[in-house]
Amino acid sequence: MSSLLSERQKDELHKSMLSYLHSAGLHDSYEALKRETDNDDFQVDDPKARWVGLLEKKWTSVIRLQKKIMDLESRNSSLIAELASPTRATASSSSSAPFLPRAPARHTLTSHRAPITKVAFHPTWTVIASASEDSSVKIWDWESGEMERTVKGHTKAVGDVDFDPKGGLMVTCSSDLTIKLWDTSNDYTNVKTLHGHDHSISSVRFTPDGEKLVSASRDKTIKVWEVASGYCVKTFTGHSEWVRGVIPSDDGKWLVSCSNDQTSRIWDFATGETKVELRGHEHVVECAVFAPVNSYTAIRELTGLGAAQAGDTRAKSAGAFVATGSRDKTIKLWDGISGQCLRSFVGHDNWIRALVFHPSGKYLLSASDDKTIKIWDLTNGRCVKTVDAHGHFVSSMTWGRASIGGSSNKTQTIPNGDAGSAKKTEDEPRRVNVLATGSVDQTIKIWTP
């Protein structure tokens, strides 16, 4: 059987094999191969020779290509299955259908050396920040999948990360008892370090106006900070155990918190008083989020509240409904005014770690320690899709929105039969929703349409 390699290629292969055998300490095999390939004068003294390490490089290249091929085959199978589905949407309707994540993810970002705790999108750039138990925050270009920088400053696990509404500042909190502010336009320089909590800080968020921060801690308190001065201006108390998270409403009037005391609370931001306590979970409440106003119609249909009546204060006011996720493996939907539990969603096999409402307001997405994302239809309460998201617990999930590619002033003339021609704008930027998840498997995944 004739060889597929040229004489030069065979010679290079033999020498790279000899180099590998020598470096691996396989001296008997090394000497035997020298004799059998007539390379008795082969020398391994030159570290710059082109065959040194060549075998290892070729092997790792093959492994990477195999992984890419497997990913492409998986995506191809998914697309074929979708095309074959009798219920798939038509081309005209699919373009306007809400984006729901599906495997495989567009990018899997790897560099952290410990579990991911939180991910956050920059409000205007195609940038995402990831916080980790490895004490660092990493900044990525989510469109290309490339890491841009590592932000260091904390000495213990980073629990949360957020950007202000304009994107000029990034905030982080840590088990080292500090909150840090970073200037995004100046190489993420640390511009302020805030001290005040007496235990690990679990959560930190900018208020919608960007002028204040709210933080939650294992010291059982929630604190409000002025961004400009760095001073703590309020401390809210009420939870009897570790406060896991705190998030402001879209209008900034309310806060929702969740705790190890198995409750969630809605707070009046102006007074610091508890508006209502949400009690019903049977284990630690890991996450709590306000429902966006555009989801109220679906929630009313689901819970039988009926259409909003004239004078109903919940019709368009932020904070009317809240969703919570717990270690009891359930998600609960609450009336934010009365504190009544309106609906429980049951389906995950492990702790619920993150909740986000779909930008369309039609779905609720949940992430869990069962390694999946579940998508719940808010009009009927059913799980309509389960995505196998990560190889370990899914610890964080968030939505972003950005413009992708194009030039808004570029036009093209399109022939239109005998009627002449029509001008059509092309290559305009697409506004797309983007989902990111972080995991104990130390990866961040980017899910796009």
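Worth a mention:
- Considering region 132-159, the residues that are out of contact with any Phe, Trp or Tyr (no Cβ under 8 Å at 6 or more places or on another chain) and touching a residue at least 60 places away in the same chain (Cβ under 8 Å) include one that is surrounded by the fewest Cβ atoms within 10 Å (Cβ to Cβ), namely G145.
- Of I331, I337, all but one fail to be of a type in the set (A, V, I, L, M) and either surrounded by 19 or more Cβ atoms within 10 Å (Cβ to Cβ) or under 17 Å from the mean Cα position of the chain (by Cα) (or both); the exception is I331.
- Within region 272-291, no residue satisfies the criterion of being crowded, with 23+ Cβ neighbours inside 10 Å and free of Cβ contacts under 8 Å to residues at least 12 places away in the same chain.
- Scanning region 106-160 for residues that are of a type in the set (S, T, Y) and under 23 Å from H392 (Cβ atoms) turns up T108, T110, S111, T117, S130, S132, S135, S136, T150.
- Scanning region 132-190 for residues that are in contact with a strand residue (DSSP E or B) (Cβ under 9 Å, 6 or more places away or on another chain) and of a type in the set (K, R) returns K138, R149, K152, K156, K180.
- Which numbered condition N294 fails, given (1) under 24 Å from the mean Cα position of the chain (by Cα); (2) surrounded by 18 or more Cβ atoms within 10 Å (Cβ to Cβ); (3) not in a strand (DSSP E or B): (2)
- Filtering region 190-203 for residues that are within 21 Å of the chain's Cα centre (by Cα), surrounded by fewer than 21 Cβ atoms within 10 Å (Cβ to Cβ) and not hydrophobic (A, V, I, L, M, F, W, C) leaves an empty set.
- With respect to being of a type outside the set (A, V, I, L, M), modelled with pLDDT of 95 or more, out of contact with any Gly (no Cβ under 9 Å at 6 or more places or on another chain) and not in a strand (DSSP E or B), D219 fits the description.
- Filter result for the condition that a residue is modelled with pLDDT under 95, among the acidic types (D, E) and more than 22 Å from R353 (Cβ to Cβ), over D183, D187, D198: D187
- Residues of region 175-189 that turn out to be under 21 Å from the mean Cα position of the chain (by Cα), farther than 19 Å from Y231 by Cβ and not in a loop (DSSP other than H, G, I, E, B), as a count: 0
- Region 185-197 residues that are closer than 27 Å to K234 by Cα, paired with ones that are assigned to a strand (DSSP E or B) and aromatic (F, W, Y) (beta carbon under 8 Å, 6 or more apart): T189/W182; N190/W182; V191/W182; L194/W225; G196/W225
- Of the strands (runs of 3 or more DSSP E) contained entirely in region 228-271, those carrying at least 2 residues that are without any contact (Cβ under 8 Å) to a residue 60 or more places away in the chain and surrounded by fewer than 19 Cβ atoms within 10 Å (Cβ to Cβ) fall at 232-237.
- Any chance D28 is at pLDDT 80 or above and more than 18 Å from G53 (Cα to Cα): yes
- Residue in region 84-96 that is at pLDDT 70 or above and either among the basic types (K, R) or surrounded by 10 or more Cβ atoms within 10 Å (Cβ to Cβ) (or both) present: no
The values are calculated or read from the model by the stated rules, or taken from the named source; none is laboratory data. Computed from a prediction, not measured in an experiment: that's the story for all the values here. Reconstructed Cβ throughout: ideal geometry from the backbone, glycine too, with neighbour counts over all protein chains shown.
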